[in-house]
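All remarks here apply to the structure that follows.
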Amino acid sequence: MKLSVIIPAYRAEKYLKEAVDSVRNQEGFPQDSQIIVIDDGSDDKTVEIAKSLGAQVLIQDHKGAASARNTGLKIAKGDFILLLDADDILNKGSLKQFFSQFEKDPSLYACFSKATEFFSPELEDKDKEGLRLKAEPYGGTLPGCSLLKREIFDRIGYFNESLQSGETVDWVIRFRATGMKAVEIDYVTLLRRIHTSNTGRLHRGNEMANYARILRQRMAMKK
């Protein structure tokens, strides 16, 4: 089962090594896998660090996570795609859990899992004011919470680059609408880092507007 791991990275020098290591150190990590880091116009040491980690590195102007993921998908050679944000961590045992589902049922196209949140260790108490961790693991559409067959993207397309946030929600809605078989597992694969510059926090207003736009589009398609 050849795997392509796609990691969009923007000013990710603090966290990228931990993200890449969390993938490479997985039990059963296929040795012929790709780890693709797409530098999205960073002005720090993200590219230098990515290269030092042995990742395949692509560099583009700052266009956002959706564009970066699409750039990675265009060169992905794996039969399976794992998306991961550069500031998050893939939990131990995740690949084993994911791949076991496809081994049990080869007709699956996607396996969805759960996430849990943690405060980034460098945060001081004052930085945590106004931030709140979700108390329980939760399912959703976050990168790191799914393993996907590559052929899905050939059938339904890539991520909507006009969305600054919510692009994964939009994509999963399109996937669900196809009826392609998927399974959800009660396993935390994603450790989601909460820090002062999470994209969702920086673009909260746009995120709500994007969700409303996605909902209107889906409703229009049903008419």
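A few comments on the model shown:
- Test: GLU27 is at pLDDT 95 or above and either among the acidic types (Asp, Glu) or out of contact with any Lys or Arg (no Cβ under 7 Å at 6 or more places or on another chain) (or both): no
- Residues that are of a type in the set (Ser, Thr, Tyr), closer than 21 Å to ARG150 by Cβ and either crowded, with 21+ Cβ neighbours inside 10 Å or at pLDDT 95 or above (or both) occur at least once in the range 44-67.
- Selection over the range 40-81 of residues that are in a loop (DSSP other than H, G, I, E, B) and either in contact (Cβ under 8 Å) with a residue 40 or more places away in the chain or of a type in the set (Lys, Arg) (or both) gives a count of 9.
- ILE36 being buried (at least 21 other Cβ atoms within 10 Å of the Cβ) and out of contact with any Leu (no Cβ under 6 Å at 6 or more places or on another chain): yes
- Among the residues making up the range 154-180, those that are under 17 Å from GLY64 (Cβ atoms) and among the aromatic types (Phe, Trp, Tyr) are TYR158, PHE159, TRP171.
The values are calculated or read from the model by the stated rules, or taken from the named source; none is laboratory data. Nothing here was measured: the structure is a model prediction, and the numbers come from that model. When we count neighbours, we look across all protein chains shown, and the Cβ atoms used for this are built from the backbone with ideal geometry, even at glycine.
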